[in-house]
Structure formats: structure tokens, C-alpha cells
Amino acid sequence: MPIACANVHESIGEYQRAYIYKLFMETVPNSVASAFPNALTFSKEIDIYNIDAVFPDRITNAITIRWSGEFFDIPGVDNSTRAVDFSFFDDEAQWAYDFFCTLKDMTGNEYNQAGVWGTIGKFNMGVAKISVDKETITSYRRLVGCRIYGVSNESFEKGSETYNKLKINIHWDRNQEDKAKRGMTI
């Protein structure tokens with residue numbers, strides 16, 4: 001016989017909505033801030049242009065050891081994805097495109113094919129889950145050591161009435177939970 005909850009809302013609370021998230025730009029490389037003076041202002045408003053985000057996965061490979069007809073698993077290396085394609089609206093003033101292309105140039109550009117090595121060209125982003133009141137952070141993950149490896153327009157169609165979107169390919173070194181942000185209002 002299955003276990004039933006008489007009142008789910010009182011027992012476990014409201015369900016997390018898939019669309020309630022917010023994207024934050026926490027840092028911008030100094031070279032981007034100097035070459036793109038409005039980068040810091042724009043980075044605070046980056047969520048306005050964001051269409052979809054990712055809450056990073058946490059996966060550890062299992063190593064199976066077989067011994068005398070039995071087996072057991074021990075934890076192996078981290079196998080988290082650490083890469084995703086974000087979608088952004090391409091605004092008419094091209095702020096989003098210019099901003100992400102400037103960050104992408106840190107991994108290599110059209111002029112000299114050279115990338116900025118090390119931590120100088122990396123930045124941090126934050127992804128938050130927001131409660132149903134749309135104001136309170138319920139969970140926050142910081143994507144540390146981000147780099148952009150691709151900026152592309154999703155489609156151009158003269159007969160279309162939809163908005164143009166940018167696809168940004170982002171990789172990061174690791175993610176960290178920030179429990180201090182839990183419960184804060186945005």
C-alpha cells in the first residue's frame with residue numbers, strides 16, 4: 001500500500017517551478033572592463049536578456065571493483081558536465097552580442113587566433129533558483145572559472161516574427177554552492 005500525504009503543501013511545501021531562476025554575472029575580467037566600459041553595468045542586467053539557464057549537475061563516476069564473485073563500487077573522478085549552451089535575446093543595440101564576443105575573444109579571436117591563458121580571461125557567473133514569490137533565493141550555485149567558447153546567432157529569417165536569439169557556449173572549471181545567498185531577496 002502506497003504512503004499518502006493528506007496535505008502535500010503543508011508536508012513538503014510548494015514545488016520548485018522550472019521557470020523561476022535568475023542568472024548573475026559576478027565578475028568580469030579587468031581587460032574586458034577596460035575595453036568594454038559598460039561591461040559591469042551590463043553584467044548586472046544580464047538576466048534581462050537570458051532565455052534559459054542551467055543549474056549545474058553533480059556527477060561522480062563509480063568504479064566497480066570485483067572480488068571473489070562479489071563487487072562493490074567506490075567513488076571515482078568527477079564527471080559533471082561543466083559546459084552548456086545558454087540562450088539570450090539579441091537586443092537591438094547589440095549590447096549582448098558585443099559583451100559576449102568580448103568575453104569570447106579571451107579564448108581566441110579572429111585577428112591573431114590567440115587566447116588569454118590562465119585566470120586573467122576567466123569570469124564567474126551565478127545561477128539561482130528563486131521561490132514562488134519570485135523574490136527569494138532558495139538555492140545558489142556559482143560557476144567558477146567560466147570561459148566562452150562560442151557565440152552564434154540561432155537563426156535569421158526575414159519571414160519570421162520571433163525575436164533573434166544568441167547561443168553562447170560556456171564552460172566552467174567548477175561550481176560552488178553559496179549558502180549565504182539562500183534566503184536573500186533579489
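The values are calculated or read from the model by the stated rules, or taken from the named source; none is laboratory data. If you're wondering where the values come from, they're calculated on a predicted model, not measured in any experiment. Here Cβ is always computed from backbone atoms with ideal geometry, including for glycine, and neighbour counts include all displayed protein chains.
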Practice item. Test residue 139 against the stated conditions and say whether it is polar (S, T, N, Q), farther than 18 Å from residue 26 by Cα and buried (at least 17 other Cβ atoms within 10 Å of the Cβ). Key: no
Study note, to complete from the structure: When segment 91-116 is checked residue by residue, the ones that are under 25 Å from residue 47 (Cα atoms), of a type in the set (A, V, I, L, M, F, W, C) and free of Cβ contacts under 8 Å to residues at least 12 places away in the same chain are 93
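Of 82, 58, 66, which residue is charged (D, E, K, R) and surrounded by 13 or more Cβ atoms within 10 Å (Cβ to Cβ)? Give the derivation first.
On the way: 58 fails: surrounded by 13 or more Cβ atoms within 10 Å (Cβ to Cβ); 66 fails: surrounded by 13 or more Cβ atoms within 10 Å (Cβ to Cβ).
Step by step, each of 82, 58, 66 is checked, and only 82 is charged (D, E, K, R) and surrounded by 13 or more Cβ atoms within 10 Å (Cβ to Cβ).
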Exercise for review: Mind listing whichever residues of segment 89-105 are within 16 Å of the chain's Cα centre (by Cα) and either exposed (fewer than 10 other Cβ atoms within 10 Å of the Cβ) or over 20 Å from residue 35 (Cβ atoms) (or both)?
Suggested key: 89
**Study point:** Meets criteria (assigned to a strand (DSSP E or B), touching a residue at least 24 places away in the same chain (Cβ under 8 Å) and of a type in the set (Val, Ile, Thr)) for residue 119
**Key:** no
Review point. Do the conditions hold for residue 137, that is, is it at pLDDT 85 or above, in contact with a Leu (Cβ under 9 Å, 6 or more places away or on another chain), of a type outside the set (Asp, Glu) and part of a strand (DSSP E or B)?
Key: no
Revision key, fill the gap. Heads up, the strands (runs of 3 or more DSSP E) in segment 7-114 (entirely inside) with at least 1 residues that are over 30 Å from residue 132 (Cβ atoms), in contact with a Cys (Cβ under 9 Å, 6 or more places away or on another chain) and not aliphatic (A, V, I, L, M) are none
